[in-house]
Amino acid sequence: MEFRIATPQDTPQVEALWAYCFEPKEDPFFQYYFSNCYEPDNTVVGIQEGQLLSTVHLRQYNLNVRGAVLPTSYMVGVATHPAARRGGVGGALLTSSLEELRHRGQAITILMPSKAGFYQQYGWDLYAHQWVQTMSLEDLRPLTDKTLSFGLVNDVEQWTLLDPVYRAYTKNLCGYAERGEKDWKRLLSSFFAEGVHVAAVKNDDNIIEGYAVYRLGAPEIPVTEMVYTTRRAQQALLNYFYNHRSQGASIRWNEGLHDTGYRFHPDGKDGHATMPYMMVRVVDVKTAIEAIPINPDAAMMPITINIRVIDKLCSWNHGVFAVTIGGGVTPSVSYLGESTDEIVELTIDIGGLSILLMGAMCASDLAFEGKLQGEQDWITYLDMVYPKQNTYINEWW
């Protein structure tokens, strides 16, 4: 199978494969996506005997990782026609995509898995989970606040009302998507095209403290994004949904795993679950390590660590890297080769390195899981170099 970047002439076959594997062409999201968002030059396709049988769409984002903003491809629409499955096409498609992203100079890539196990074998690991809270609308009452007023956002130009809330919510988090005007307008346009609603709550000074993205039409009201700057703002949003008892029976909302409000629920035995949300993978080890800042307290004096990276999919990542810490806000890296006479202090697989850099786990956690090996002193030092972060992201495509 030949893999390449799509051309405009491939669009009918790309649409047909998406419709076969995901939503039909009549679906509102399909119509919106291929009319407004599809980009052939950000799509990798697999062609065999003139037939387009495999695709991955590379949605372009800017991710904030430990304070650095990294251009990142979010892989969506990873699809292979059933006629071409079970022949290694999935792995070959992902390898070709990583080669393309390396050529573009991107450090990491992300994807939302339908089944994490499929991607873990290729070096992706989960860096973000979300809380999924499910409650009957009647049971919301003890969690509500009536001091804020409600309003609806119904125009893309109102993105400026939501942006300060999102920025405040993500200020101390890691791995989230930076949203500029273009991103907000695309997001709101897709909401409105699908009939999704956006509600906001504001205080007496007319300052918005929170917003929620939700859909009506079924007994359970799904809320796909709930963002707030204060706890009372979240409780005001829950009050807003409590007022929908004539339009639904229950509510399901997502929130960041860092949120600890669940500790104060009056009855927390039911309705609380975690959802595997986003996976990350290093595209290029040298580019990634040199792009992501370290804890400055760990860089008091220059020190070099030789780290062996295990990457069975990408040969350019497989081998020993000399990582020098202390010359700047990020390390400098040189590739010593697949084998070397130099002493190797640490060994880590590519998935472990990915979530270490992202901040989902620290070195000691990875050592416990068997994804990092080395002397304890080096592991402890790496804990200081890359301290654990509160990771969060809420982009769906």
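The values are calculated or read from the model by the stated rules, or taken from the named source; none is laboratory data. Small disclaimer: the values here were computed from a predicted structure and weren't measured. Positions of Cβ are backbone-derived with ideal geometry, glycine not excepted, and every protein chain shown enters the neighbour counts. To get the accessible areas, we keep the full protein, side chains included, count just its heavy atoms, and leave off ligands, DNA and RNA. Shrake-Rupley method; radii C 1.70, N 1.55, O 1.52, S 1.80 Å.
Dipole size of region 79-214 about its Cα centre, with +1 on Lys/Arg Cβ and -1 on Asp/Glu Cβ: approximately 620 debye, rounded to the nearest 20. Computed from the C-beta positions of residue 29 and residue 244 and an R0 of 22 Å, the FRET efficiency is 0.40 to the nearest 0.05.
Quick check: net charge around residue 52, other residues with Cβ under 11 Å of its Cβ, Lys/Arg +1 and Asp/Glu -1? Summing Lys/Arg as +1 and Asp/Glu as -1 gives -3. I want the local charge near residue 167. Using Cβ-Cβ distances under 15 Å, sum +1 for each Lys or Arg and -1 for each Asp or Glu among the other residues. With Lys, Arg at +1 and Asp, Glu at -1, the neighbours total -4. Since only 268, 294, 315 are under comparison, the one whose Cα sits farthest along the positive direction of the charge dipole of region 230-317, derived from C-beta charges on Lys, Arg, Asp and Glu, is 268.
Computed from point charges on the beta carbon alone (+1 for Lys and Arg, -1 for Asp and Glu), the dipole magnitude for region 1-83 about its Cα centre is near 360 Debye.
Between the helical axis of 376-385 and the longest alpha-carbon principal axis of the chain there is an angle of about 50 degrees. Enumerate the aspartates and glutamates that residue 115 could reach by cross-link, defined here as Cα to Cα under 14 Å, with residues fewer than 8 away along the same chain left out. The reachable aspartates and glutamates, counting only those whose Cα sits under 14 Å from residue 115, are 125. What do you get for the angle between helix 11-21 and the principal long axis of the chain? Use alpha-carbon atoms, 0 to 90 degrees, nearest ten. Around 70 degrees separate the two axes. In plain terms, the bigger the Kirkwood radius, the slower the diffusion; for the chain, with that radius from Cα pairs, at 20 °C and 1.002 mPa s, Stokes-Einstein puts D at 94 µm²/s.
Rounded to the nearest 10 degrees, the inclination of helix 89-103 to the longest alpha-carbon principal axis of the chain is 80 degrees. Dipole of region 6-95 computed with +1 at Lys/Arg Cβ and -1 at Asp/Glu Cβ about the Cα centre; of 56, 24, 90, farthest Cα towards the positive end is 90.
Return the whole-Å distance between the Cα centroid of region 135-182 and the Cα centroid of region 193-216. Centre-to-centre (Cα) distance: 6 Å. Along the axis of the charge dipole computed for the chain (Cβ charges of +1 for Lys and Arg, -1 for Asp and Glu, origin at the Cα centre), the listed residues 357, 67, 36 are led at the positive end by 36. Summing +1 for each Lys or Arg and -1 for each Asp or Glu among the other residues whose beta-carbon sits under 12 angstrom from that of residue 355 gives -1. The solvent-accessible area of residue 361, taken with every protein chain present and a 1.4 Å probe, is close to 50 Å². Spacing of the modelled spin labels on residue 230 and residue 270, each 7 Å from Cα toward Cβ, amounts to 3.3 nm. Within straight-line reach of residue 286, meaning a Cα separation under 24 Å, sit the following lysines at least 8 residues removed in sequence or on another chain: 312, 371, 388. Between residue 16 and residue 220, residue separation times 0.36 nm minus the direct Cα-Cα distance comes to 70.3 nm. The charge dipole of the chain, taken about its Cα centre with unit charges on the Cβ atoms of Lys, Arg (+1), Asp and Glu (-1) only, comes to about 540 debye.
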